[in-house]
Amino acid sequence: MKKILVTGATGFVGGHLVRRLLNNQYEVHVLIRPETDQEPLKPTIVHTHLGSTQNMIETIQDVQPDAVIHLASLFIGEHKSGDIEDLIKSNVILSTQLVEAMSVNGVCLLINVGTSWQHYAGADYNPVNLYAATKQAFRSLLSFYLETSDLRVINLELFDTFGPNDRRDKLFNLLNRLRVTGDTISMSPGYQYLDPIYIDDVCDAFLVALQRLQSGQVKRSETYSVCSNEPIQLRELVKIYENVSNTKLNVEWGGRPYRPREVMQPWSEGVTLPGWSPKVSIEDGVKMLLQSYV
């Protein structure tokens, strides 16, 4: 299995994964929107999705990938009414067009990416936000294709991810700004637990999942959690960052309330992908992240 089509290649996880696939001698094709800058995607083979289902079918027909990794999504933590159309287009319609095109062209192997936020308060399904609900909505639509085609799917539910070259407005970028500027920031009381996992371990999980699909072990659909299973309290995580960076950060704990539906304990009932386990500790991950800023 050498020809892989990746959606969401311009995102944080997608960008790192594409480089890993290239380093492992895969022929990597990426699917992008018309407005996407193609220069950072070299030397992948780029295909532009023009929005229609027929265009998607023609693209899959042209590529004939051995497997598809579907990372593309729109994340909005707390949506506004005006965000609904974009969330549905990105997370439901695009995803359904992709799997329809796979079905039409006989492409059977898919890694679909979900989120731990589909499991608020430890439930089998309880979405933290509308974004998580759209991820579950596609999972329901996927059931139709599993019943009516030879599709085989591994769903990887990602937790907090971190590492170099992350443009997202996430915790570690915030901590780095505080480290550099010395500014003070108001944060929640900080007693919620997070389960951050370094990007190298995340990429390892995708490669193991590809191998599992290729081996024929997946008969229909499997779902796995990509996490450390060692949650850490936000306050403790900030302390680790301070210790590793040898910096005292100006954090006002309790300066703002928890977010609506704050996840106080990450989902802990998920199944670990066979043959995979995280190798990078929080401390080592923070060290490598800080080295990347130099």
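Descriptive notes on the structure:
- Within this structure, residue 191 fails the test of being open to solvent by less than 20 Å² (accessible area, probe 1.4 Å) and either at positive phi or in contact (Cβ under 8 Å) with a residue 60 or more places away in the chain (or both).
Conditions tested, residue by residue: (1) more than 20 Å from residue 188 (Cβ to Cβ); (2) of a type outside the set (Lys, Arg).
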residue: 223; (1), (2): yes, yes
residue: 229; (1), (2): yes, yes
residue: 239; (1), (2): no, no
residue: 249; (1), (2): no, yes
residue: 261; (1), (2): no, no
residue: 269; (1), (2): yes, yes
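- Across region 229-236, a minimum of one residue is classified as out of contact with any Cys (no Cβ under 8 Å at 6 or more places or on another chain), surrounded by 13 or more Cβ atoms within 10 Å (Cβ to Cβ), in a loop (DSSP other than H, G, I, E, B) and at pLDDT below 95.
- Residue 245 vs. criteria open to solvent by less than 30 Å² (accessible area, probe 1.4 Å), polar (S, T, N, Q), modelled with pLDDT of 95 or more and within 30 Å of residue 124 (Cβ to Cβ): no
- Among the residues of region 131-151, those identified as out of contact with any helix residue (DSSP H, G or I) (no Cβ under 6 Å at 6 or more places or on another chain) and open to solvent by 30 Å² or more (accessible area, probe 1.4 Å) are 139, 140, 143, 144, 147, 148, 150.
- Among the residues here, residue 74 qualifies as of a type in the set (A, V, I, L, M), in contact (Cβ under 8 Å) with a residue 24 or more places away in the chain, closer than 28 Å to residue 260 by Cβ and in a loop (DSSP other than H, G, I, E, B).
- The one condition from (1) within 17 Å of residue 166 (Cβ to Cβ); (2) free of Cβ contacts under 8 Å to residues at least 40 places away in the same chain; (3) not small (Gly, Ala, Ser) that residue 197 does not meet is (2).
- Whichever residue in region 117-127 is closer than 17 Å to residue 223 by Cβ and of a type outside the set (Phe, Trp, Tyr) and, among such residues, is surrounded by the fewest Cβ atoms within 10 Å (Cβ to Cβ): 124
- Test: residue in region 264-285 that is open to solvent by 50 Å² or more (accessible area, probe 1.4 Å), free of Cβ contacts under 8 Å to residues at least 40 places away in the same chain and within 17 Å of residue 162 (Cβ to Cβ): no
- Count - residues of region 229-271 that are of a type in the set (Asp, Glu) and in contact with a strand residue (DSSP E or B) (Cβ under 7 Å, 6 or more places away or on another chain): 1
- Residue count for region 154-187, restricted to those that are touching a strand residue (DSSP E or B) at 6+ places or on another chain (Cβ under 8 Å) and either touching a residue at least 12 places away in the same chain (Cβ under 8 Å) or open to solvent by less than 50 Å² (accessible area, probe 1.4 Å) (or both): 20
- Any hit, region 202-211, residues being of a type in the set (Phe, Trp, Tyr) and open to solvent by 20 Å² or more (accessible area, probe 1.4 Å): no
- Within region 75-102, being open to solvent by 50 Å² or more (accessible area, probe 1.4 Å) and either within 16 Å of residue 151 (Cβ to Cβ) or not small (Gly, Ala, Ser) (or both) holds for 75, 78, 79, 80, 84, 85, 86, 88, 89, 93, 100.
The values are calculated or read from the model by the stated rules, or taken from the named source; none is laboratory data. Please read all numbers here as calculations on a predicted model, not as lab measurements. No Cβ is skipped: glycine too gets one built from the backbone with ideal geometry, and neighbour counts run over all protein chains shown. Please note that ligands, DNA and RNA were not included when accessible areas were found on the heavy atoms of the full protein model with its side chains. Shrake-Rupley method; radii C 1.70, N 1.55, O 1.52, S 1.80 Å.
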